[in-house]
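Asks: Structure below; questions to follow.
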Amino acid sequence: MTHSGYGVSLSPQEIGDAMHAFIARLYPICRSITGHGVRETLRVIQERVPLTINDVPSGTKVFDWTVPLEWNIQDAYIKNLRGERVVDFRQSNLHVVSYSRPIKQRMSFAELKEHLHTLPDRPDWIPYRTSYYKESWGFCLSHNQLLQLKDEEYDVCIDASLSEGHLTYGEYFLPGQIQDEVLISAHVCHPSLCNDNLSGIAVATFLTEWLRAQPRRYSYRILFIPGTIGSITWLSEHREQVSGIKHGLVLTGVGDAGPITYKKSRRGDAEIDRAMVHLLKHSGQPYKVVDFIPYGYDERQYCSPGFNLAVGCFSRTPHSQYPEYHTSADNLEFMKPQALAESLSYCEAAIEILEQNKIYLNQNPFCEVQLGKRGLYRAMGGQAGEKSMEMALLWVLNLSDGRHSLLDIAERSHLPFRTVAHATSILREHSLLVSGPEQESRS
Amino acid sequence: MTHSGYGVSLSPQEIGDAMHAFIARLYPICRSITGHGVRETLRVIQERVPLTINDVPSGTKVFDWTVPLEWNIQDAYIKNLRGERVVDFRQSNLHVVSYSRPIKQRMSFAELKEHLHTLPDRPDWIPYRTSYYKESWGFCLSHNQLLQLKDEEYDVCIDASLSEGHLTYGEYFLPGQIQDEVLISAHVCHPSLCNDNLSGIAVATFLTEWLRAQPRRYSYRILFIPGTIGSITWLSEHREQVSGIKHGLVLTGVGDAGPITYKKSRRGDAEIDRAMVHLLKHSGQPYKVVDFIPYGYDERQYCSPGFNLAVGCFSRTPHSQYPEYHTSADNLEFMKPQALAESLSYCEAAIEILEQNKIYLNQNPFCEVQLGKRGLYRAMGGQAGEKSMEMALLWVLNLSDGRHSLLDIAERSHLPFRTVAHATSILREHSLLVSGPEQESRS
Amino acid sequence: MTHSGYGVSLSPQEIGDAMHAFIARLYPICRSITGHGVRETLRVIQERVPLTINDVPSGTKVFDWTVPLEWNIQDAYIKNLRGERVVDFRQSNLHVVSYSRPIKQRMSFAELKEHLHTLPDRPDWIPYRTSYYKESWGFCLSHNQLLQLKDEEYDVCIDASLSEGHLTYGEYFLPGQIQDEVLISAHVCHPSLCNDNLSGIAVATFLTEWLRAQPRRYSYRILFIPGTIGSITWLSEHREQVSGIKHGLVLTGVGDAGPITYKKSRRGDAEIDRAMVHLLKHSGQPYKVVDFIPYGYDERQYCSPGFNLAVGCFSRTPHSQYPEYHTSADNLEFMKPQALAESLSYCEAAIEILEQNKIYLNQNPFCEVQLGKRGLYRAMGGQAGEKSMEMALLWVLNLSDGRHSLLDIAERSHLPFRTVAHATSILREHSLLVSGPEQESRS
């Protein structure tokens, strides 16, 4: 795979490194489901992709939910009475439970302890906690930090605001030849967590750059949104556009060293599901395909029964199945440039399948075409064995009866889609195949 | 499982013991496909279930069959010329081939031997044999008994009558909210054989008691009938009622220590088949599910092509796959109270599924419902892992699109039906779900 | 299996030997896709089957192809200047690349070498090569022969003609009760190669003899044609007849010692596919069933998308999977009489299934028929175990509801088709079954 966004061709290693650097730039920002951190993140993405930044006011009804108050935080700490910050937001934004209400108060250790979260099994790591929908406050710290705290009084401060404001998301629309859309969705609501949000942001951003440089049959819509409430808000505000979405991917957890996991859409046999499964089968790498369950990332919303969109979730090790998940160990070191580049490459390959997966019609359906006289078949007969491109030509001709798409043909022939697509273009050059009805290739 | 028939709550142990005692009471009675033994058996059942006892006259045409003459037996023996009963009906009613014609005659051992049946491989056991449709007579005895008989003359007597009378069956109808019926069928035509007839009679009787104490959507019809000719007779006399039977179970061989075997209906994917398979999959116990074959018990008639009812056969070790089958070793010791109680419990659980398996409609199909604001979802976010009731709530909401019944949801989610049903009732209490169209839940 | 063509009953051994002798007679003839060798072969077949021999002129357009010039060869050799034939067509017709243009020329070894084909891995065997559609010439020889050739001048001669003539094929039509046809196709275009063409010719010939002696529901069309161009020509000239072909088999490679391989039709679930799979499953022998691929023998043409006929390919070891394939080692020794006889027997059994596979209607669909009163069921009840013919009677009655053919019943019951068919004829004799609608048994 080479990457040719903006006309520049990069090696996988260079692309992986570039994505890692992009993640490093976004890593320090304190994101949540609303607030300045999201806006700052989107502005960094804008340097690569000209997305629009949209604000939806607090209190807006979005289906069964309401856009919450905007949360912003300047500083937070736990100080002992000697003035030492024993827990300091400036050292890690994970130290504060996201959406904590402001507090400034002296209190006993006993009282404070009720608001402290640690991971006793991973005593060096800070957990990540949120309390979006229940007013509360709290600190997260490593268990070793907790063990060093003495039973004395502390000054506790969370200098945050929870007030009328907006939920912010980024959107970029890339038109193609037809109005049918492919949706790419990444969440942007986690603070300094790499795999769980920045990896998806990076792959979605670089994928968009790649897409801009490609000829496109489909139109593409790329969303950078806060998880859950963001996709609910977007769906609520764009109900009329949803029917145009024919395929989609949620990108998340795509930078760790684990093998690819593809979670199918609720439909289970959507074209995007079949395309991803096909690629993984032919990858020669370990992988896992899992059925849809109504738990996970924003595919929960896209696949809710009222929408039932053909949106799958593409990741490496699934959330909560790696110990670093939702801890301070989901950091820059945990991100592997090679994994990022490979993830991007799968997304590009899946889109290539969607773009090329059409139905063609064999113009000579009765008996075989004489490939030999067109220079497409070995001249000397009698030798044992089949050659893979000859087989691809034969398969495409045999199954191009108006009822099989190229992906159908790839599946039935056990040939890689790219081989089938290559055979198709050769046959089209020889006027042996013509495009079938456009509608049918979409069903 | 606790049993609350008549408002009394019993432990599985107590229920098992009660069923075993019930079987012990019925054990000595000499049943056949007609005659006083059947009537006496039905009268004992009547002490627990107010069934009606019906008589159909000998000679009545029932489809391709004819109700046979009624057979009754007072005594039978083989006496040597010293007056000793070497085979004595009073010791075991298995000693006489069922439906033997009366005989009283002195004969040589050679002549007698033609009419003797033994099991050389199980020399202590008496086999069970019948000759319903060919006039004949015979004795069954243990092989060891046979070996002791000398080559001398014997006085042979079967004091039985074969004459115009009736075929008798018991029927109990328990109305529910709707006319659609669940059929429970047990055969009552075997003499002193426990697993093969008394175990099914006991479970059907106790199940009926339990049903009477339950709220019921379906109506229930419980049949205690002679095998084959009894179900044929009932079907022939109630052709107009058959279409109301939506689900059914033949109960037989439910008291031995072996694992459960469920034999599917001829349809193979009927709701009762899916309910039973679901229960067995989630039981954590060994079990066997077998496809329908046109051999076995009365499911042969219920699943004949003209009726093709959704009736499966529920048993433990299948007939003829345990050595005690159709021998004197199928006795009270062979019956395990715990197995009887467990069998009953599966039937109750299957009926609970049928009763509750409806289609509901998610009232908020677009995006997820905000469970948190209703107290149905953990407040603190970020922790890894899913909780099974939260997952059940999400699954029920996600799949309640008018096309999935609760059993469909349980199957797809791999959750136990009871968890799904519990989630459903919580969601209904919160007005998040309403009942779907009644007809569709029935298809 | 006994063979009763012409009213004579032969043992499998005798049939195998007869087929082997038939192959031996055809072995020396130099066949190609046109020419005298094909005609001579067809005349030998005519001694057993009164087929018509048809000639189609060179230059005839047949779909995307053109009937080629006719090729005939009298002699060919490579002589050293001492006059010794170092390669001699008279010793093996494989020595000349089929369709070589005539040549008579002295040339250097270097120049000659460009036209020589050998198998270095099998140094004793002569390969088989063709150049039908590219004008060329060449010799095939064993690698050991090549190693003995010195770097000196040679006189090279191929006394062949390539000129306007005909493509020749043999056809035999055997009418049955109905016009629907079964097609049997064997290729006749290979020179001295046994498994690859003579085995199929022999089995097709003997199968035709057998068919002529059978009562026939279907009509049968047997084709002896040059591979590829022959089937294309026949299909092109008989487009209106093709729709009558309901089932078919290509016979090839049926004489080696390997297990049977059945390659399904493009449809994959055609009746002939199911019949063959059924026979193989019940054979107790090793076998292989493979899915259709658009490479192989004339099934490529019959299964082209415009025709999509229900034609499978029956062989033993598939082409190019045995080392002898397309070499001089595919000789008479490689042909096993027992394998030939067994192959024939499978074809006969498959045809018996097609002939008998109809839908019947149980005339007593409500409850079971009383088999006992018709002498079709054991009189003494109570014994464990089922008997296979009783089970077949029960299965046929249970599934003869107008929606199951005998093959459906055999598949569902796991009984051999012959047992099901035998049960069917017993039930028909007792007027318990009648024929269902003819159309439906054909779908």
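The values are calculated or read from the model by the stated rules, or taken from the named source; none is laboratory data. What you see is a predicted model; the values in this text were computed from it and never measured. Positions of Cβ are backbone-derived with ideal geometry, glycine not excepted, and every protein chain shown enters the neighbour counts. These area figures cover heavy atoms from the full protein model, side chains too; ligands, DNA and RNA do not enter into them. Shrake-Rupley method; radii C 1.70, N 1.55, O 1.52, S 1.80 Å.
Asks: With springs connecting C-alpha atoms under 10 Å apart, model chain A as a Gaussian network and identify which of A:Ser163, A:Ser92, A:Ser431 has the largest mean-square fluctuation.
Replies: Per the Cα network of chain A with a 10 Å cutoff, A:Ser431 tops the list.
Asks: Can you send over the solvent-accessible area of B:Lys246, 1.4 Å probe, protein chains only, in Å² to the nearest 10?
Replies: About 70 Å², rounded to the nearest 10.
Asks: Counting each DSSP H run of 4 or more residues in chain A as -39500 (n - 2.57), what helix-only mean residue ellipticity at 222 nm follows after dividing by all residues, to the nearest 500 deg cm²/dmol?
Replies: Calculated at 222 nm, the ellipticity per residue is -8500 deg cm²/dmol.
Asks: Can you tell which of B:Arg221, B:Arg122, B:Arg266 shows the greatest fluctuation in a Gaussian network model of chain B with Cα springs below 10 Å?
Replies: In the Gaussian network model the winner is B:Arg122.
Asks: Please give the net charge around C:Ala341, taking every other residue with its beta carbon less than 12 angstrom from that of C:Ala341, where Lys and Arg add +1 and Asp and Glu add -1.
Replies: Here the count lands on -3.
Asks: Same structure again: What list of ³J(HN,Hα) values in whole Hz, one per residue of the stretch B:58-66 in order, does the Karplus curve 6.51 cos²θ - 1.76 cosθ + 1.60 (θ = phi - 60°) give from phi, with Gly and Pro shown as x?
Replies: Karplus values, whole Hz, x for Gly and Pro: 3, x, 5, 7, 10, 6, 7, 10, 10.
Asks: Then there is this: To confirm my reading of the symmetry, which residue of chain A has the Cβ nearest the axis that brings A onto B, and what whole-Å distance does it have?
Replies: Its Cβ sits closest to the axis: A:Asp269, 11.
Asks: While we're on this one: Using the crude model of +1 on Lys and Arg Cβ and -1 on Asp and Glu Cβ, and no other charge, please compute the dipole size for the protein assembly as shown relative to its Cα centre, in debye to 20.
Replies: Rounded to the nearest 20 debye, it is 580 debye.
Asks: Mean-square fluctuation check for chain A, GNM, Cα pairs under 10 Å: which of A:Tyr77, A:Tyr169, A:Tyr377 is largest?
Replies: Largest GNM mean-square fluctuation: A:Tyr377.
Asks: If every alpha-carbon in the stretch B:46-120 counts as one equal scatterer, what log10 I(q)/I(0) does Debye give at q = 0.17, 0.21, 0.26 1/Å?
Replies: For the stretch B:46-120 at q = 0.17, 0.21, 0.26 Å⁻¹, log10 I(q)/I(0) is -0.86, -1.04, -1.31.
Asks: I want to check the label-to-label distance for B:Leu332 and A:Asp269. Put each point 7 Å from Cα in the C-beta direction and report it in nm to one decimal.
Replies: For the pair B:Leu332/A:Asp269, the computed spacing is 5.8 nm.
Asks: How large is ³J(HN,Hα), in whole Hz, for each residue of the stretch C:102-119 in order, when computed from phi with the Karplus curve 6.51 cos²θ - 1.76 cosθ + 1.60 and θ = phi - 60°, using x for Gly and Pro?
Replies: Karplus values, whole Hz, x for Gly and Pro: x, 8, 8, 6, 8, 8, 6, 4, 4, 5, 4, 4, 4, 10, 9, 10, 9, 10.
Asks: Name the residue from C:Gln370, A:Thr205, B:Met19 whose Cα lies farthest towards the positive end of the charge dipole of the protein assembly as shown, charges +1 on Cβ of Lys and Arg and -1 on Cβ of Asp and Glu.
Replies: Result: C:Gln370, furthest along the dipole toward the positive end.
Asks: Ignoring ligands, DNA and RNA, what accessible area per residue does the protein assembly as shown give at 1.4 Å, in Å²?
Replies: On a per-residue basis, 38 Å².
Asks: Among residues other than A:Pro259 whose Cβ falls under 11 Å from its Cβ, what is the net charge (Lys/Arg +1, Asp/Glu -1)?
Replies: Once all neighbours under 11 Å are counted, the net charge is 0.
Asks: Principal axis lengths of chain A from Cα atoms, whole Å, largest first?
Replies: That gives 92, 44, 38 Å along the principal axes, largest extent first.
Asks: Continuing with the same structure: Taking the label point 7 Å from Cα in the Cβ direction, how far apart in nm is B:Ile53 from each other copy of itself, listed shortest first?
Replies: Listed shortest first, these distances are 8.9, 8.9 nm.
Asks: Please find the FRET efficiency linking A:Lys134 to A:Asp17, where r is the Cβ-Cβ separation and R0 is fixed at 35 Å, and quote it to the nearest 0.05.
Replies: So, using R0 = 35 Å, E works out to roughly 0.25.
Asks: Express the relative contact order of chain B as a whole percentage, based on alpha carbon pairs under 8 Å and six or more residues apart in sequence.
Replies: Averaging sequence separation for qualifying contacts and normalising by length gives 16 percent for chain B.
Asks: Taking the Cα centre as origin and putting +1 on Lys and Arg beta-carbons and -1 on Asp and Glu beta-carbons, what dipole magnitude results for the stretch B:200-300, to the nearest 20 debye?
Replies: Charge dipole, the stretch B:200-300, about its Cα centre: 280 debye, nearest 20.
Asks: List the GluC sites (Glu not before Pro) in the stretch C:122-185 that DSSP assigns to loop (not H, G, I, E or B) and whose Cβ has at most 12 other Cβ atoms within 10 Å. Which are they?
Replies: C:Glu135, C:Glu152, C:Glu164
Asks: How far apart are the C:Asp17 label points across copies, placing each 7 Å from Cα toward Cβ, in nm, shortest first?
Replies: 8.1, 8.1
Asks: Rounded if a/c is under 1.5, else prolate if a/b beats b/c, else oblate: with a ≥ b ≥ c from the C-alpha gyration tensor eigenvalues square-rooted, which is the stretch C:197-356?
Replies: rounded
Asks: Hey, another quick one. Would you please give the residues with an amide H less than 5 Å from that of B:Arg216, counting only those at least 5 places away or on a separate chain, with H modeled from the backbone geometry?
Replies: Here the answer is B:Gln177, since their amide H atoms fall under 5 Å of that of B:Arg216.
Asks: Then there is this: Roughly to the nearest percent, how much of the accessible area of the stretch A:298-443 is carbon and sulfur, given a 1.4 Å probe?
Replies: Exposed carbon and sulfur together represent 49 percent of the surface.
Asks: Okay, moving on. Would you please give the residues with an amide H less than 5 Å from that of B:Gly253, counting only those at least 5 places away or on a separate chain, with H modeled from the backbone geometry?
Replies: Placed amide hydrogens put B:Asn197, B:Ser199, B:Gly200 under 5 Å from B:Gly253.
Asks: If you average 1/r across every pair of different Cα atoms in the protein assembly as shown and take the reciprocal, what Kirkwood value do you get, in Å?
Replies: 38.0 Å is the Kirkwood radius here.
Asks: Which residues in the stretch A:37-65 have a backbone N closer than 20 Å to a point placed 7 Å from the Cα of A:Ser163 along the Cα-to-Cβ line?
Replies: Of the residues in the stretch A:37-65, A:37-40, A:55-60 have backbone N under 20 Å from the label point off A:Ser163.
Asks: To check you understand DSSP bridge types, tell me what percent of the beta bridges within the stretch B:170-275 (both residues inside) are antiparallel, rounded to 5.
Replies: In the stretch B:170-275, approximately 30 percent of DSSP beta bridges are antiparallel ones.
Asks: Just to check I understand the Karplus step: with θ = phi - 60° and J = 6.51 cos²θ - 1.76 cosθ + 1.60, what whole-Hz values come out for the stretch A:359-372, glycine and proline as x?
Replies: 9, 10, 10, 5, 7, 10, x, 8, 6, 7, 6, 7, 5, x
Asks: Return the long-range amide H neighbours of B:Asp180 (sequence gap of 5 or more, or a different chain), with a cut-off of under 5 Å between placed amide H atoms.
Replies: Under 5 Å from the amide H of B:Asp180 lie the amide H atoms of B:Ser219, each far enough along the sequence or on another chain.
Asks: If R0 is 60 Å, what FRET efficiency do you get for A:Leu147 and B:Gln363 from their C-beta distance, rounded to 0.05?
Replies: Efficiency computed from Cβ-Cβ geometry: 0.75.
Asks: What number in nm² do you get for the stretch B:1-107 if you take the convex hull of its Cα atoms and divide its surface by four?
Replies: For the Cα atoms of the stretch B:1-107, the hull's average projected area reads 10.7 nm².
Asks: Find out how many positive minus negative residues lie around B:Tyr287, taking Lys and Arg as positive, Asp and Glu as negative, among other residues whose Cβ is under 10 Å from that of B:Tyr287.
Replies: +3
Asks: How do B:Trp125, A:Trp395 rank by accessible surface area computed with a 1.4 Å probe, from largest to smallest?
Replies: My answer, sorted largest first, is B:Trp125, A:Trp395.
Asks: Between rounded, prolate and oblate, where does the stretch A:91-147 land on the alpha carbon gyration tensor, with a ≥ b ≥ c its root eigenvalues, rounded for a/c under 1.5, else prolate if a/b exceeds b/c?
Replies: It comes out oblate by the Cα gyration axes.
Asks: How much accessible surface does B:Arg239 have with a 1.4 Å probe, in Å² rounded to 10?
Replies: Only protein atoms counted, so the area is about 120 Å².
Asks: How much of the accessible area of the stretch C:179-261, in percent, comes from carbon and sulfur atoms when a 1.4 Å probe is used?
Replies: About 43 percent, which is the carbon plus sulfur part of the accessible surface.
Asks: Another question, then. As a test of the definition: with a 1.4 Å probe, what buried accessible area, both sides summed, do you compute for A against B, in Å² to the nearest 100?
Replies: Roughly 2600 Å² of accessible surface disappears when A and B pair.
Asks: May I ask you to compute the full-extension gain from C:Val242 to C:Arg418, defined as 0.36 nm times their residue separation minus their alpha-carbon distance, rounded to one decimal in nm?
Replies: That pair, C:Val242 and C:Arg418, stretches by 60.4 nm at full extension.
Asks: When the chain is fully extended, how far beyond the present Cα-Cα distance does B:Asp75 get from B:Lys281, taking 0.36 nm per residue of separation?
Replies: Extra length from B:Asp75 to B:Lys281 when fully extended: 69.3 nm.
Asks: Select from the stretch C:113-205 those trypsin sites (Lys or Arg not before Pro) which occupy a DSSP coil region and have at most 10 other Cβ atoms within 10 Å, ordered by residue number.
Replies: Here the trypsin sites (Lys or Arg not before Pro) that fit, given the DSSP loop and packing criteria, are C:Lys150.
Asks: While we're here: For A:Pro286, place a label point 7 Å from Cα along the Cα-to-Cβ direction in every copy; what are the distances to the other copies, in nm, shortest first?
Replies: Those label-point separations list as 3.3, 3.4 nm.
Asks: Can you list the residues of the stretch B:285-310 whose accessible area drops by at least 50 Å² going from the chain on its own to the full set of protein chains, with a 1.4 Å probe?
Replies: B:Pro294, B:Tyr295, B:Arg300, B:Pro305
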